[in-house]
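As structure tokens, the structure follows; a few thoughts come after it.
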Amino acid sequence: MAEEWERLLSQSITEPEQIAGRFEIDIEALRAVTAIYPMRISKYYFDLIEEVGDPIWKQCVPSPLELQDPYGFDDPLNEEGQSPVPGLIHRYPDRVLMAVSNSCATYCRFCTRKRRVGRQEVELSRAVIAEQIRYIERHPSIRDVIISGGDPLMLPDAEIERILRRLRAIPHVEILRIGSRIPVTLPQRVTPKLAKMLKKYHPLYINVHFNHPREITEESERACGLLADAGIPLGNQSVLLKGVNDDPAIMKDLVQKLLRIRVRPYYLFQMDLVKGTHHFRTEVEVGIKILEALIGHTSGLAVPRYVIDAPGGGGKIPIQPEYVLRADGDSLIMRNYKGEIYSYPKAPQMEGAIKSRSPDGKRPKCR
Ligand SMILES: *Cc1c(COP(=O)(O)O)cnc(C)c1O
Ligand code: SF4
């Protein structure tokens, strides 16, 4: 029997005509894009669009710019090259990412796995998933498994549970993680039944993917609340997107709203060099400015780590504003979030340095 969310999914927008029913668009131009990169927009996410070109629109409605990308690569992170078995990426020694589904409730136009998601021909069958799990069983160094896709929550509860149960039976697998954008694009899929099932497989972490404050709605709040009530720590992975969230005020609003729905900002990703996504890419300075606008200016809990996933598959590299300005003799000269200058002795026992460099000239009280 189909569940309510499956019924909702079947009402998704997949044809350009369905958009033309509500907004003025060039159907032919859109069709040229969807012939290469599939479109699906859940009815729920589509209804969040207020006008053509707004931050929700940009993330889900195909753009002719996708076909005019001179720079991108199909697989910039060399995920295929680091997959010892199909769909399982083993990049770091102690953790792997397994793709268990190639479909999503809404296909994000900026997706890093644009080469794969939404395409029937790249099938992730039960047999493929079983092969991924056998690989994990054979490699005792793997203590952390990320279940990803596509979107793993596109699978029926019973399929997800089969995977979780098999992974939990592997003694060296300490933690499980799920990466999903479903709480953002189809929050109705997060049911009490799903939360109750997931709860059995702790320690389980879920990373969701909000990019804009307008994605935080009553429904997405309810979905995250159900998961949090099941004891699942929630993190958020945002992508820095031109014209969507490349603005300190928008990001500050987003990260503060995330904490209110019990989601802790985890990563802010610089766009990967994915073919068909060039129009979303910002300069790295934009991300650094955003972090500068967050660090110290809002709860430390709200500040994600800004990372570039190294082209070629080198892993995530943190990019940060510079707070240490220089070394001055035995002291570090630093600035705080307001730009005020402080110094600190490089070797903590150097009292002389403390005396002479402390901003107010006083010795620290606690020793
Ligand atoms: C992001 C990622 C991970 C997990 O990285 P963390 O920094 O531990 O969150 C693992 N494997 C792959 C292939 C990844 O892309
Ligand atoms: S939900 Fe994730 S995997 Fe799916 S299209 Fe969006 S970014 Fe890609």
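The values are calculated or read from the model by the stated rules, or taken from the named source; none is laboratory data. Everything numeric here is computed off the predicted structure, so don't read it as measured data. Virtual Cβ from ideal backbone geometry, glycine too; neighbours counted across all protein chains shown. For accessibility, only protein heavy atoms count, side chains too; no ligands or nucleic acids. Shrake-Rupley method; radii C 1.70, N 1.55, O 1.52, S 1.80 Å.
The figures follow:
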| quantity | calculated |
| --- | --- |
| For region 80-318, share of DSSP beta bridges that run antiparallel, in % to the nearest 5 | 25 |
| Whole-angstrom Cα spans of the chain along principal axes, big to small | 74, 53, 39 |
| Spin-label proximity, TYR92 to region 125-155 - amide N less than 15 Å from point 7 Å beyond Cα toward beta carbon | 141-148 |
| Neighbourhood charge, 11 Å Cβ-Cβ cut-off, centred on GLN188 and excluding it, Lys, Arg +1 and Asp, Glu -1 | 0 |
| Two-decimal ratio, region 291-338, of alpha-carbon radius of gyration to 2.2 N^0.38 Å | 1.47 |
| 0 to 90° range, to nearest 10: angle between helix 284-294 axis and the chain longest Cα axis | 70 |
| Cα centroid separation - region 213-292 against region 106-184, whole Å | 22 |
| Pairs of Cα atoms farther than 27 Å apart, region 108-254, % | 27 |
| Computed lengthening from ALA228 to SER10, 0.36 nm per intervening residue step minus Cα-Cα distance | 75.7 nm |
| Helix 157-168 axis, angle to the chain major axis (alpha carbon atoms, nearest 10°) | 50 |
| List VAL324, VAL190, ordered by accessible area with a 1.4 Å probe, largest first | VAL324, VAL190 |
| Pairs from LYS114/LYS242; LYS196/LYS252; LYS196/LYS257 whose Cα-Cα separation, in the structure shown, is over 29 Å | LYS196/LYS252 |
| Percent of beta bridges antiparallel (DSSP, region 288-348, rounded to nearest 5) | 95 |
| Helix-only CD estimate at 222 nm, as mean residue ellipticity for the chain, using -39500 (n - 2.57) per DSSP H run (n ≥ 4) | -8000 deg cm²/dmol |
| Summed residue charge, Cβ within 14 Å of LYS199's Cβ, Lys/Arg positive, Asp/Glu negative | +2 |
| Sorted largest first, extent of region 1-74 alpha carbons per principal axis (Å) | 45, 28, 22 |
| Segment ALA130-ALA32, length gained on full extension (0.36 nm per residue, minus Cα span) | 31.6 nm |
| Cα centre as origin, Lys/Arg/Asp/Glu Cβ charges: the chain dipole, Debye | 1700 |
